[in-house]
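Peer 1: Submitted below is the structure of interest, expressed as structure tokens.
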């Protein structure tokens, strides 16, 4: 029975276990084997492990101080299987990055500075660079806070999460077609699109092109999903994310609609007034309406809204400091595009929250290098 | 932010957090408030807490050394709400008792003896007395073992769980009607029944009375659930568990069918030969077939099979030492009825397994005596 220190931290609307890279190496077992056993990934209920048996509660990050210039902490994000003995290492997770930042200030991976401490992070899965800024009044790391995020009523330590120079990660440029506005052909004919690559590749449309106003309930928005699914394929081809003969991806690019802010009710029934947010957005997650918005999609929207000529720029309320309050089904998520000084694309900041739930010593059933 | 030590332990097919009563008292907060906050019970996903957001992973036990004669450890079992800020303290949980026994040998709540250590437990919710016997070779508490239980492929420390004098807990006697065999009227007319109160009140029928052989798949057995639901009400009245004017309970008594052992396939496709078990059983859980069998139902069956004249005794293979291997949809669960020397009903032993998953310090968001 191996022993492994870890911390269970809520980052935004995800629950992540964070492990120190050196502790993982010290076990003498590869990370896949260790996580599969610790989470009981083989079991659909993860009954013999620390996993929560759902996609948002079967996550881990393995962190260490970084030797890269300008990076304090690098982390590998792991999506651990549920009833499936596989660990996915191909993506980043903004919620887990929030948790990593809180872990870093609590575990001496960065020097704590007066007032606030910024953790500069490198996601080794994707090469993305992020920052997490946490209030550290009196140079002490906080255990609690009163910051909330849409999707949970729980409160936590405020974490200002920054996606540094997020444009072009996948395709090399913020506007993969070189244009702020394209025309794609959907099931009902030609439709204007803005094709963006920042945080993640995304294809954005105006809600009114689908007879919507961008404040629909999840059920109402579901009617537009088939058309947006067809347009996702057209966008993938236009952005050179896929070739004509390749299988259709339901994950890439992200697709959704934008509109001017008008009053609407969140999924939980809260009334949101037009002046409480700057851009209405309804995104698709795979085959269904997204209950809120993925953080990488929020980055794409904030980037698009800062680029004149895009549909997001056309309908978003422009603010002096680049703040963009996104009206999502779950509530308002605030992003801010901060112009870079070096000609890079704007850094996108998101107001998130994290809370350390537990510090633990895990007993991991590994036998002969395999999950027991 | 309160701090609270706890251990996450798998007991059988449940995941329980175990807390020391003195640690709970030391927080200065009542147990309900503490558990609701620690588990984030308010959230249907329990995203800000240690709960697993399912009935089998949202359980806790609060334990302490006992001053009762013949009792080492007493524990209160808590079923913590999921999207529901309530803690239920009304029932016992055999799987959590298994976890409590392992916790007790690891935390000095009982003296460890050579070869095996027996933990004598009192469930303060119901007054039930249980024992957990754990191998302790060389007087050391084990961290791992190779014992399995149907319902999970995970292995753990073997725990022989004993329900002491389990008869009559609810009604005062093992045979509430005074008879080993009754006749109840179901939707298709009169049907033989054995009405037992041991572990839990249970009404047992012969499978063939419903055109079954007791080895049906969950889907096949579902066809008999409506008739058994109607008979549950008749049994409740006959056992004086309910009065004619009272609302119908779908939980009490347990209902199910028994039959002679014949070969069958488990839900996972494993072939079980007739000589691999002693009694075929299919139980109902609320409105659906139970995927295996509840431990308290297993106690009722083992008790019934030891009483001449009951339907369980009629069809069960009798063994010299009272061992009864129950053929359930999930696989074979072994119970043993051990005659008591003092005239009490037989103690029922079940072969279970437990594994300590993690030792943790929980950070519990309680503000002013309420979950934050």
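Peer 1: Can you tell me which residues in region A:7-27 are part of a loop (DSSP other than H, G, I, E, B) and over 17 Å from the mean Cα position of the chain (by Cα)? Outline the logic, then answer.
Peer 2: Going through region A:7-27, the residues part of a loop (DSSP other than H, G, I, E, B) turn out to be A:12-13, A:27.
Listed by number, the list holds a single entry, A:27.
Peer 1: In addition: State whether the residues of region A:302-317 include one that is assigned to a helix (DSSP H, G or I), without any contact (Cβ under 8 Å) to a residue 24 or more places away in the chain and within 18 Å of residue A:213 (Cβ to Cβ). Talk me through it step by step, then tell me what you get.
Peer 2: The first filter runs over region A:302-317 and keeps only residues assigned to a helix (DSSP H, G or I), leaving A:302-305, A:311-315.
The next check asks that each one be without any contact (Cβ under 8 Å) to a residue 24 or more places away in the chain; those that pass are none.
No; the residues of region A:302-317 include none that is assigned to a helix (DSSP H, G or I), without any contact (Cβ under 8 Å) to a residue 24 or more places away in the chain and within 18 Å of residue A:213 (Cβ to Cβ).
Peer 1: Residues A:251, A:235: which one is in a loop (DSSP other than H, G, I, E, B), under 22 Å from the mean Cα position of the chain (by Cα) and assigned by TED's automatic domain parsing to the domain that holds residue A:286?
Peer 2: Working: A:235 fails: in a loop (DSSP other than H, G, I, E, B).
A:251 is the lone residue from the list that is in a loop (DSSP other than H, G, I, E, B), under 22 Å from the mean Cα position of the chain (by Cα) and assigned by TED's automatic domain parsing to the domain that holds residue A:286.
Peer 1: Could you go through region B:218-226 and let me know if any residue there is in the same structural domain as residue B:266 (by TED's automatic domain parsing) and in contact with a helix residue (DSSP H, G or I) (Cβ under 6 Å, 6 or more places away or on another chain).
Peer 2: At the first step, the residues of region B:218-226 found to be in the same structural domain as residue B:266 (by TED's automatic domain parsing) are B:218-226.
With the extra rule that they be in contact with a helix residue (DSSP H, G or I) (Cβ under 6 Å, 6 or more places away or on another chain), the set shrinks to B:224.
Checked against the condition, which is being in the same structural domain as residue B:266 (by TED's automatic domain parsing) and in contact with a helix residue (DSSP H, G or I) (Cβ under 6 Å, 6 or more places away or on another chain), region B:218-226 yields at least one hit.
Peer 1: Okay, moving on. Residue A:365 passes all but one of (1) within 14 Å of another protein chain (Cβ to nearest Cβ); (2) under 23 Å from residue A:104 (Cα atoms); (3) surrounded by fewer than 24 Cβ atoms within 10 Å (Cβ to Cβ); which number fails?
Peer 2: It fails just one condition, (2).
Peer 1: Additional query: Give the number of residues within region B:57-92 that are free of Cβ contacts under 8 Å to residues at least 24 places away in the same chain, part of a strand (DSSP E or B) and farther than 22 Å from residue B:15 by Cβ. Steps first, answer last, please.
Peer 2: Residues of region B:57-92 that are free of Cβ contacts under 8 Å to residues at least 24 places away in the same chain, as a first pass: B:67, B:69, B:88.
Of the ones still in play, those that are also part of a strand (DSSP E or B) are B:88.
Going one step further and asking which of them are farther than 22 Å from residue B:15 by Cβ, we end up with none.
Final tally of qualifying residues: 0.
Peer 1: Take region A:242-261 and flag every residue that is buried (at least 21 other Cβ atoms within 10 Å of the Cβ) and out of contact with any helix residue (DSSP H, G or I) (no Cβ under 6 Å at 6 or more places or on another chain). Before you say what the answer is, go through the steps one by one.
Peer 2: Here is the first cut: in region A:242-261, the ones buried (at least 21 other Cβ atoms within 10 Å of the Cβ) are A:253-259, A:261.
Residue satisfying the conditions is A:256 alone.
Peer 1: While we're looking at this one, here's another question. For region B:1-27, give me the residue count where each residue is surrounded by fewer than 24 Cβ atoms within 10 Å (Cβ to Cβ) and more than 11 Å from chain A (Cβ to nearest Cβ).
Peer 2: So the answer is 8.
Peer 1: Just give me the residues in region B:219-232 being part of a loop (DSSP other than H, G, I, E, B) and buried (at least 17 other Cβ atoms within 10 Å of the Cβ), in sequence order. I'd like the intermediate steps shown before the answer.
Peer 2: Residues of region B:219-232 part of a loop (DSSP other than H, G, I, E, B): B:223-224.
Answer for region B:219-232, where residues must be part of a loop (DSSP other than H, G, I, E, B) and buried (at least 17 other Cβ atoms within 10 Å of the Cβ): just B:224.
Results for (1) within 18 Å of the chain's Cα centre (by Cα); (2) more than 16 Å from residue A:162 (Cα to Cα), shown as yes or no for each residue.
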{"residue": "A:293", "(1), (2)": "yes, yes"}
{"residue": "A:299", "(1), (2)": "yes, no"}
{"residue": "A:309", "(1), (2)": "no, yes"}
{"residue": "A:329", "(1), (2)": "yes, yes"}
{"residue": "A:334", "(1), (2)": "yes, no"}
{"residue": "A:340", "(1), (2)": "no, no"}
{"residue": "A:343", "(1), (2)": "no, yes"}
{"residue": "A:347", "(1), (2)": "yes, no"}
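Peer 1: Then there is this: Output the number of the condition that residue B:227 fails; it satisfies all remaining conditions of (1) within 24 Å of the chain's Cα centre (by Cα); (2) farther than 23 Å from residue B:348 by Cβ.
Peer 2: (1)
Here's the yes/no breakdown for (1) part of a strand (DSSP E or B); (2) more than 18 Å from residue B:23 (Cα to Cα); (3) modelled with pLDDT of 95 or more:
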site	(1), (2), (3)
B:325	yes, yes, yes
B:334	yes, yes, no
B:344	no, yes, no
B:352	yes, yes, yes
B:355	yes, yes, yes
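Peer 1: Suppose we keep only residues that are surrounded by 24 or more Cβ atoms within 10 Å (Cβ to Cβ) and under 30 Å from residue A:39 (Cβ atoms) within region B:331-352. Which one would you say is nearest to the other protein chains (Cβ to nearest Cβ)?
Peer 2: B:352
Peer 1: Filter region A:208-218 down to residues that are over 23 Å from the mean Cα position of the chain (by Cα) and touching a residue at least 24 places away in the same chain (Cβ under 8 Å) and give me whichever is surrounded by the fewest Cβ atoms within 10 Å (Cβ to Cβ). Spell out the reasoning first.
Peer 2: Going through region A:208-218, the residues over 23 Å from the mean Cα position of the chain (by Cα) turn out to be A:208-213.
Now narrow it down to the ones that are touching a residue at least 24 places away in the same chain (Cβ under 8 Å): A:208-210, A:212-213.
On the way: A:208: 14, A:209: 19, A:210: 21, A:212: 19, A:213: 16.
Filtering first and then ranking leaves A:208.
Peer 1: Right, residue B:55: under 20 Å from the mean Cα position of the chain (by Cα) and surrounded by fewer than 18 Cβ atoms within 10 Å (Cβ to Cβ) or not?
Peer 2: Numbers: under 20 Å from the mean Cα position of the chain (by Cα): yes; surrounded by fewer than 18 Cβ atoms within 10 Å (Cβ to Cβ): yes.
Answer is yes for this residue.
Peer 1: Okay, next question. Just give me the residues in region B:28-56 being outside any loop (DSSP other than H, G, I, E, B) and either more than 23 Å from residue A:144 (Cβ to Cβ) or within 8 Å of chain A (Cβ to nearest Cβ) (or both), in sequence order.
Peer 2: Start the filter on region B:28-56 by keeping residues that are outside any loop (DSSP other than H, G, I, E, B), which leaves B:31-39, B:55-56.
Once the filter is applied, which keeps residues that are outside any loop (DSSP other than H, G, I, E, B) and either more than 23 Å from residue A:144 (Cβ to Cβ) or within 8 Å of chain A (Cβ to nearest Cβ) (or both), region B:28-56 yields B:55, B:56.
The values are calculated or read from the model by the stated rules, or taken from the named source; none is laboratory data. Computed from a prediction, not measured in an experiment: that's the story for all the values here. With ideal geometry, Cβ positions are generated from the backbone for all residues, glycine too; neighbour counts draw on all protein chains shown.
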